[in-house]
Every structure is written in structure tokens, then in C-alpha cells.
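Undergrad: Just dropping this structure here.
Just so it is clear, none of the values below were taken in a lab; they were calculated from the coordinates. Quick caveat: nothing in here was measured; it's all calculated off a predicted structure. In this analysis, Cβ positions are derived from the backbone assuming ideal geometry, glycine residues included, and neighbour counts consider all displayed protein chains.
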Amino acid sequence: MPWSGQATPFGFTSGKPWLPLPVTWNEYTVANQSLNSDSSLSLYRSALSQRAKIFNGATDFTWDTSKINNGVLGFSRNGIQVYLNSGDLPVNLPANEIILASGEAQTCENGELELMTGRAIWFKR
């Protein structure tokens with residue numbers, strides 16, 4: 001894991017790493033990603049924090065299979081809806097208060113949210 005610095009091995013070891021660490025990994029160091037609110041590290045930190053607050057001790061769980069044919073995995077738990085679009089096309093979802101999104105959520109003309117492919121979203125139901 002690249003931790004810090006601008007050169008290989010990026011704080012991973014004081015010795016020579018067994019596997020090569022490309023120079024381009026400097027943008028993926030924990031130090032650099034911590035400074036970027038749009039980084040994958042920031043998204044994961046936010047998701048873990050929200051999950052601890054929202055889902056801790058929650059016992060209700062319901063699969064939402066309404067969009068499964070479109071490659072969308074969805075479920076509801078503790079008043080929160082979670083969707084992951086692994087399909088080939090964007091899908092429309094009801095527009096509710098967004099808690100977490102892996103990218104910019106687009107609002108359609110009909111007021112629904114458009115979840116792009118390869119994206120996830122959590123919102124209040």
C-alpha cells in the first residue's frame with residue numbers, strides 16, 4: 001500500500017519492495033488521497049463512518065429486486081436505500097436525500113436521479 005512520498009516505495013517499506021511500485025502511484029498514496037475529498041479513500045472513509053451511524057444494530061433488511069434485470073443491486077435497511085449499478089446503462093431511481101454517492105448524481109427532467117453505470121448511491125427513503 002502506498003502511504004506517502006513522491007517516489008517508490010512510497011513509505012511502504014525502508015527496504016526494496018518485492019513487487020514493483022510504479023512511479024504513477026504517488027497520486028494513490030494515503031497522504032495524497034486524504035487531501036482529496038473526491039478520492040476513493042475519502043469515499044471509503046465516508047461509507048464506513050455512515051455505515052457505523054446508520055446500520056449499527058439495524059435488524060431490518062429488504063432486497064429491492066425491481067431493477068435487478070438492469071444489473072442493479074438494491075436493498076433497504078434502517079430507512080436507507082442502497083443501490084449499485086453494475087449494468088451497462090444508467091438507471092433512474094426516486095430522488096430522495098442523498099447520504100453517500102460514488103459520483104455526481106444527475107437529476108432527470110422527471111425529477112428522478114440517474115445512477116450511472118459503475119456507481120453506487122445511498123439515500124433516505
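Undergrad: Exposed (fewer than 12 other Cβ atoms within 10 Å of the Cβ), free of Cβ contacts under 8 Å to residues at least 12 places away in the same chain and under 24 Å from Gln106 (Cα atoms): is that true of Thr59 in this structure?
TA: no
Undergrad: Identify all residues within the stretch 9-46 that are among the charged types (D, E, K, R) and within 14 Å of the chain's Cα centre (by Cα); write none if there are none.
TA: Hits for the stretch 9-46 are Asp38, Arg45.
Undergrad: Please work out which residue is surrounded by the most Cβ atoms within 10 Å (Cβ to Cβ), limiting yourself to the stretch 1-28 and to residues that are outside any loop (DSSP other than H, G, I, E, B) and among the hydroxyl-bearing types (Ser, Thr, Tyr).
TA: Tyr28
Undergrad: Looking at the stretch 90-104, is at least one residue closer than 30 Å to Gln6 by Cβ, hydrophobic (A, V, I, L, M, F, W, C) and in contact (Cβ under 8 Å) with a residue 24 or more places away in the chain?
TA: No.
Undergrad: Note down all Cβ pairs under 6 Å where the first residue falls in the stretch 1-30 and is under 24 Å from Tyr44 (Cα atoms) and touching a residue at least 24 places away in the same chain (Cβ under 8 Å), the second is small (Gly, Ala, Ser) and not in a loop (DSSP other than H, G, I, E, B), and they're at least six residues apart or on different chains.
TA: Final answer for the pair search is Ser4/Ala31.
Undergrad: Output the number of residues of the stretch 1-26 satisfying the condition of being of a type in the set (Gly, Ala, Ser) and in contact with a Phe, Trp or Tyr (Cβ under 6 Å, 6 or more places away or on another chain).
TA: 1
Undergrad: Follow-up question, since we're still on this one. Taking into account only those residues within the stretch 29-46 that are aliphatic (A, V, I, L, M) and part of a helix (DSSP H, G or I), which is nearest to Asp88 (Cα to Cα)?
TA: Looking at the filtered set, the residue picked out is Leu43.
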